[in-house]
Amino acid sequence: METTNKIRAIITGATGMVGEGVLHQCLLSDKVEAVLVINRKPCGVTHPKLKEIIHTDFFNLTPIQDQLEGYNACFFCLGVSSVGMNEEAYYKITYLLTMHVAEILSRINPDMTFCYVSGAGTDSTEKSRSMWARIKGKTENDLMKLPFKQVFNFRPGFMKSFKGAKNTLPFYKYISWMYPIGRLIYPKGFITLEEVGKAMINSANRGTGRWILDGKDIVAMANNQ
């Protein structure tokens with residue numbers, strides 16, 4: 001059953017490309033009444049409905065736990081590339097850190113919708129030869145076991161940034177010309193950060209459940225007003 005409650009969202013990773021895009025959409029949306037960003041460094045954004053907590057240790061949220069109560073959505077955009085990382089380091093940041101934050105939020109905000117930015121190619125069986133795909137798959141699977149109201153695992157491919165963005169990855173800037181062609185030929189793999197943000201916002205009022213969303217699903221959710 002769909003509800004119409006105003007969204008009070010926690011966003012992690014707002015100083016990264018995806019998090020910046022999601023934050024931008026949340027601040028534009030009249031469906032979102034309050035946004036809390038938790039960052040290791042200031043995001044450089046000010047807005048009447050935005051609150052920022054600077055916290056360096058995401059493996060210990062106890063000092064700020066009381067400030068995380070009363071939110072009904074978490075848009076978890078914090079993550080790193082596996083390029084150049086060994087499995088132990090990637091597992092610690094991708095799985096252990098994510099689960100630590102999620103476990104605390106599920107305990108203090110059980111009516112919360114948790115949206116996790118995973119990635120195209122993630123392996124739900126956790127048996128892939130690709131280290132990152134296995135670890136992302138385990139993270140998705142274990143998030144869906146937590147007592148959140150609902151969990152959405154987002155699996156985007158290429159994400160087109162928005163005008164004025166500060167944190168677009170250099171690699172994306174060089175290949176952005178491919179977007180129109182990619183969207184036409186392979187729409188499942190080419191979406192925009194605007195669509196990711198809108199999809200997360202729209203997901204927060206969907207009811208209850210556990211979902212995995214690929215590119216087409218994300219676009220559909222973004223357009224589902």
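The values are calculated or read from the model by the stated rules, or taken from the named source; none is laboratory data. Since this is a predicted model, take the numbers as computed values, not measurements. Using ideal geometry, Cβ is built from the backbone for each residue, glycine included, and neighbour counts are taken over all protein chains shown. These area figures cover heavy atoms from the full protein model, side chains too; ligands, DNA and RNA do not enter into them. Shrake-Rupley method; radii C 1.70, N 1.55, O 1.52, S 1.80 Å.
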Query raised in the report: Which residue out of Gly44, Gly79 is touching a residue at least 40 places away in the same chain (Cβ under 8 Å), out of contact with any helix residue (DSSP H, G or I) (no Cβ under 9 Å at 6 or more places or on another chain), open to solvent by 30 Å² or more (accessible area, probe 1.4 Å) and of a type in the set (Gly, Ala, Ser)?
Result: Gly44
**Report entry** Filtered residue count, segment 6-50, keeping only those that are of a type in the set (S, T, N, Q) and either within 24 Å of Ile191 (Cα to Cα) or in contact with an Asp or Glu (Cβ under 6 Å, 6 or more places away or on another chain) (or both)
**Finding:** 4
Query raised in the report: Is it true that some residue in segment 107-124 is of a type in the set (Gly, Ala, Ser) and surrounded by 21 or more Cβ atoms within 10 Å (Cβ to Cβ)?
Result: yes
Requested in this report: For Ile201, indicate whether it is in contact with an Asp or Glu (Cβ under 9 Å, 6 or more places away or on another chain), at pLDDT 95 or above and among the aliphatic types (A, V, I, L, M).
Outcome: no
Query raised in the report: Quick check, is Tyr90 in contact (Cβ under 8 Å) with a residue 24 or more places away in the chain and part of a helix (DSSP H, G or I)?
Result: yes
Report task. Could you check, for segment 152-163, whether at least one of its residues is assigned to a helix (DSSP H, G or I) and at pLDDT 95 or above? Result -> no
Report summary line: Taking segment 1-23 and keeping only residues that are at pLDDT 95 or above and either part of a helix (DSSP H, G or I) or open to solvent by 10 Å² or more (accessible area, probe 1.4 Å) (or both), one is left with Arg8, Val22, Leu23
Query - Subset of segment 47-63 (residues that are more than 16 Å from the chain's Cα centre (by Cα) and either surrounded by 15 or more Cβ atoms within 10 Å (Cβ to Cβ) or part of a loop (DSSP other than H, G, I, E, B) (or both)) - result: His47, Pro48, Lys49, Leu50, Glu52, His55, Thr56, Asp57, Phe59, Asn60, Leu61
Requested in this report: Determine which member of the set Asn202, Asn224 is farther than 24 Å from Ser124 by Cα and within 18 Å of the chain's Cα centre (by Cα).
Outcome: Asn202
**Report entry** Pick from segment 129-145, criterion without any contact (Cβ under 8 Å) to a residue 60 or more places away in the chain and assigned to a loop (DSSP other than H, G, I, E, B), ranking: surrounded by the fewest Cβ atoms within 10 Å (Cβ to Cβ)
**Finding:** Arg129
